1. For the range 237-246, does any single residue satisfy the condition of being touching a Ser or Thr at 6+ places or on another chain (Cβ under 8 Å) and modelled with pLDDT of 80 or more?
2. Please go through the range 216-229 and pick out each residue that is surrounded by fewer than 24 Cβ atoms within 10 Å (Cβ to Cβ) and either modelled with pLDDT under 90 or within 24 Å of residue 382 (Cβ to Cβ) (or both).
3. (1) part of a helix (DSSP H, G or I); (2) touching a residue at least 40 places away in the same chain (Cβ under 8 Å); (3) within 22 Å of the chain's Cα centre (by Cα): which one isn't true of residue 527, the others all being true?
4. List pairs: first in the range 224-244 and without any contact (Cβ under 8 Å) to a residue 12 or more places away in the chain and under 27 Å from residue 140 (Cβ atoms), second outside any helix (DSSP H, G or I) and of a type outside the set (Lys, Arg), Cβ under 6 Å, 6+ apart or cross-chain?
5. Hey, could you check the range 473-512 for residues that are polar (S, T, N, Q) and in a loop (DSSP other than H, G, I, E, B) and say which is nearest to residue 427 (Cα to Cα)?
6. Mind listing whichever residues of the range 425-453 are of a type in the set (A, V, I, L, M, F, W, C) and closer than 14 Å to residue 353 by Cα?
7. Looking at residue 203 and the list (1) in contact with a Ser or Thr (Cβ under 7 Å, 6 or more places away or on another chain); (2) of a type in the set (Val, Ile, Thr); (3) more than 30 Å from residue 80 (Cα to Cα), which single condition is not satisfied?
8. List the residue pairs whose Cβ atoms are under 6 Å apart, where the first residue sits in the range 437-462 and is under 18 Å from residue 348 (Cβ atoms) and modelled with pLDDT under 80, the second is of a type in the set (D, E, K, R) and not in a loop (DSSP other than H, G, I, E, B), and the two are 6 or more positions apart or on different chains.
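The values are calculated or read from the model by the stated rules, or taken from the named source; none is laboratory data. In this text, all values refer to a predicted model and were calculated from it rather than measured experimentally. Neighbour counts are summed over all protein chains in view; Cβ atoms, including those assigned to glycine, are modelled from backbone coordinates with ideal geometry.
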Amino acid sequence: MNFSWLRRSPASSLPGLVAGLSLIILAVSVFAVIYSEGAGQGLTVDWAPVLSVLKMTFFQAGLSTLLSMTLGLTLAWSLSHQRVFPGRGFLVSLLSVSMVMPTLVAVLGLVSVFGRKGWLSQLADLFGGPGPGTFVYGLTGILLAHVFLNAPFVARALLQRLDRLPPDRLKLSASLGLSPWRQFCIVEWPAVKTSFYALSATVFLLCFTSFAIVLTLGGSPAFNTLEVAIYEAVKLEFDLARAVTLAMVQVLVCAGLVVLASSLRNDDGSLGVVSRVSLWPAPVGARVLQVVTIAIFALFYISPFLAVLWDGALADFGRLLHEAAFHKALVSSLCLATLSSALTVAMALAIGGTKRTLGSPLRVELNWGSRTLSSLLSFSGAIYLAVPSLVLGFGFFLIARKLTADVYLLAPVALLLANCLIALPFALVILAPAMEKSALRYDRLAFALGVRGLARWRLVEWPGLRREIGLVAALSFCFSLGDLGVIALFGNRDFATLPWLLYQKIGSYRTDDAAGIALLLLGLTLAVFFLVPKFFDRGGDA
């Protein structure tokens, strides 16, 4: 292959090109296997049930996105104006946890609070009022869980944008006597608009491909989404023809959504450093709305965490820790999460490094070839959004059926690749900008001094990237630890992870054991998410 257009260090670009190309080949292979399986069976598609599931998937994803974005924006606006109150720092830090919180743990916490025998029902009985009943199941439960997981993520992202508003804009709006609504429309909305649209697309894709929430809280086939319908067709009915049809529809729709979402930019060069100035007092009505919004959200968001802690503390850990199934699931989860974290960091660094090279005039001749390769690498990093983990797992399931009689032999490989693909888009969002910043700052000096290879990594890259690498390592570990995607197809008595074991405990009504596993998952997730980045950042700034 001719790399003459690369001006410097062509060998350093090879790992990223190989990684990106391998991911694209993987996605094409999965699509080809699914398509060939359908063609081989001579599918006669009954489109009525497929369109019904597709319609429900779009409806719940659209409604979930609308509610999540509305609450997230309102909360971010409220927090940006209410900068001093007890527990604000803790609440803002806790918003980030929603990204990595295991879905089944969130579901269990919500059921403990809003379920038929949950805290809300007990409170209603105490005061003689009507309880929530089956509110937490069906469409309302799906929407509740999606808002619980996505609204905090949206609020945290938008709050960062609002906190970076230049103080002079806020001062000018106050001196002009703008109402809170006019200030929002003229000053604050332009600052968050691009992020809002990009986040909306991301949240919609996450809700569209939601699996564990719909599987556990749907309560009826009427609320099935494409991923749950694929799971039921393979695992429960073994109707491969129907599963192939649903998977093809899922891939085509998600690929279209990814292309559409990629056109939305998430940048605003007019924002500055974080603003720490005190805001001018808002009218009483606006302050009341802000305080009420924060208080209601804090109660809604923190209560499921407390429920998991309370129920988990009552579990019989002595018996649970002696179960062989628990030991196997724990070891499998930790091993897979560790390998997934390491592989995700390596792939993100490789792809991010090559993208940095392809975008630097000091390193390459910027032409259609470099731009095309950069676009392909960007697509390879977002493969998971176009080919969700359950569809990927189904493709591996079909490949395993062709290669061996025991489809479960490929289960660890399928889980490892799926977990990496889940984390890779987030990893690139974190690492790629940091790597580009490092190149802009140090490339000329490093090239002039002849600093390259391991020496450059030790002196330049590692000090500038270790914080981001630590965050990516923690995120990918947590994503893998809590995922219930591919394991739902490959899980069995001999191979399970903690989320799959938790799902089995919930299904068999062993609520005490489920509460103990949920507490362990939550504890591991929080410990890794908060401690691992600090470990990488140890030693201070470069």
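1. Checking the range 237-246: not a single residue is touching a Ser or Thr at 6+ places or on another chain (Cβ under 8 Å) and modelled with pLDDT of 80 or more.
2. The answer is 218, 219, 220, 221, 222, 223, 224.
3. For residue 527, the exception is condition (2).
4. none
5. Going through the qualifying residues, I end up with 497.
6. Passing the criteria: 427, 428, 429, 430, 431, 432, 434, 435, 439, 440.
7. In the conditions (1) in contact with a Ser or Thr (Cβ under 7 Å, 6 or more places away or on another chain); (2) of a type in the set (Val, Ile, Thr); (3) more than 30 Å from residue 80 (Cα to Cα), residue 203 misses (3) alone.
8. From residues that are under 18 Å from residue 348 (Cβ atoms) and modelled with pLDDT under 80, the pairs are 439/356.
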